[in-house]
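Asker: Below you'll find the structure I mean.
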Amino acid sequence: MKFQIIPVTPYQQNCTLMWCEETNKAAVVDPGGDLDLIEKAVADAGVELEKILVTHGHLDHAGGVAEMAAKHGLPIEGPHKEDAFWLDTLEQQAQQMGFPATSSFTPDRWLEQGDTVSVGNETLQVRHCPGHTPGHVILFHEPSKVAIVGDVLFQGSIGRTDFPRGDYDTLVSSIRNQLWPLGDDVQFIPGHGPTSTFGQERQTNAFVADKRFG
């Protein structure tokens, strides 16, 4: 599996293009906007899009989903159904944040803890990681040791929990119980900023480092 990060929107959200090298089939994770940049990356990679994956319902991650799905005839998978209220308010989010107009959508498939997602011949594991939003999911490709974690975890920080139905303790629990067991050597692609590894964050992240928990 190959991965390419494409920063989009004024928030520089890390949209991720991933593709199966055997089949050339690809998925776009969190196309929040700037579809021209995403489409150029797809063309440059010479891959064929087969689906859109969504980690959670915030505008900078989901704002371009409906347009991209309609334009390219792509199914949408994710997030967890607990984020339906965020998806339903995408149009209002865009107005409030001064983003380009967008459309709400209902995914073709809600994702649950323990589900798997296919991209070509490759398979990713789904983990439900609430806290930043109640329906946030992360995607883990075990053979590559790569996780796409949205706004759950960042290099040196964690996701905000002051949005509706966010919860700090729940987020910390998600990180420690859903992410850490995947392995210290896992590289993760966060929703914003540089990549890191779970092992590095367990040592140095002031919010979730092991030393904070005895």
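The values are calculated or read from the model by the stated rules, or taken from the named source; none is laboratory data. On a predicted model such as this, the values are computed, not experimentally measured, just so you know. Backbone-built Cβ (ideal geometry, glycine too); neighbour counts: all protein chains shown.
Asker: For region 143-177, how many residues are part of a helix (DSSP H, G or I), of a type in the set (D, E, K, R) and more than 15 Å from THR197 (Cα to Cα)?
Answerer: To start, the set of residues in region 143-177 that are part of a helix (DSSP H, G or I) comprises 168-177.
This time we only want the ones that are of a type in the set (D, E, K, R), so: 169, 176.
Going one step further and asking which of them are more than 15 Å from THR197 (Cα to Cα), we end up with 169.
Summing the residues that are part of a helix (DSSP H, G or I), of a type in the set (D, E, K, R) and more than 15 Å from THR197 (Cα to Cα) in region 143-177 gives 1.
Asker: Something else about it: Would you mind finding the one in ASP108, ASP115, ASP83 that is under 21 Å from THR9 (Cα atoms) and among the charged types (D, E, K, R)?
Answerer: On the way: ASP108 fails: under 21 Å from THR9 (Cα atoms); ASP115 fails: under 21 Å from THR9 (Cα atoms).
When all the criteria are applied, what remains is ASP83.
Asker: With the requirement that a residue be within 17 Å of PHE85 (Cβ to Cβ), acidic (Asp, Glu) and surrounded by fewer than 16 Cβ atoms within 10 Å (Cβ to Cβ), what does region 127-166 give you?
Answerer: ASP162
Asker: Let me ask you something else. For GLY64, which of the numbered conditions (1) touching a Pro at 6+ places or on another chain (Cβ under 8 Å); (2) within 20 Å of ARG127 (Cα to Cα) fails to hold?
Answerer: (2)
Asker: Just wondering, is there one or more residues in region 180-195 that are touching a Cys at 6+ places or on another chain (Cβ under 8 Å), small (Gly, Ala, Ser) and either at pLDDT 95 or above or under 24 Å from VAL28 (Cα atoms) (or both)?
Answerer: There is no residue in region 180-195 that is touching a Cys at 6+ places or on another chain (Cβ under 8 Å), small (Gly, Ala, Ser) and either at pLDDT 95 or above or under 24 Å from VAL28 (Cα atoms) (or both).
Asker: Okay, next question. Can you name the residue in region 113-124 that is loosely packed, with under 14 Cβ neighbours inside 10 Å and under 15 Å from the mean Cα position of the chain (by Cα) and is also farthest from LYS25 (Cα to Cα) among such residues? Before you say what the answer is, go through the steps one by one.
Answerer: Within region 113-124, the first condition is being loosely packed, with under 14 Cβ neighbours inside 10 Å, and the residues that meet it are 113-114, 116, 121.
Filter once more, keeping what is under 15 Å from the mean Cα position of the chain (by Cα): 113, 116.
Details: GLN113: 24, THR116: 16 Å.
The qualifying residue farthest from LYS25 (Cα to Cα) is GLN113.
Asker: Could you tell me whether region 134-146 includes any residue that is closer than 28 Å to PRO10 by Cα and either modelled with pLDDT under 95 or aromatic (Phe, Trp, Tyr) (or both)?
Answerer: Taking every residue of region 134-146 in turn, at least one turns out to be closer than 28 Å to PRO10 by Cα and either modelled with pLDDT under 95 or aromatic (Phe, Trp, Tyr) (or both).
Asker: Something else about it: Return yes when ASP83 is more than 13 Å from PRO31 (Cβ to Cβ), out of contact with any helix residue (DSSP H, G or I) (no Cβ under 7 Å at 6 or more places or on another chain), buried (at least 16 other Cβ atoms within 10 Å of the Cβ) and acidic (Asp, Glu) and no when it is not. Before the answer, list the steps.
Answerer: On the way: more than 13 Å from PRO31 (Cβ to Cβ): yes; out of contact with any helix residue (DSSP H, G or I) (no Cβ under 7 Å at 6 or more places or on another chain): yes; buried (at least 16 other Cβ atoms within 10 Å of the Cβ): yes; acidic (Asp, Glu): yes.
It is true that ASP83 is more than 13 Å from PRO31 (Cβ to Cβ), out of contact with any helix residue (DSSP H, G or I) (no Cβ under 7 Å at 6 or more places or on another chain), buried (at least 16 other Cβ atoms within 10 Å of the Cβ) and acidic (Asp, Glu).
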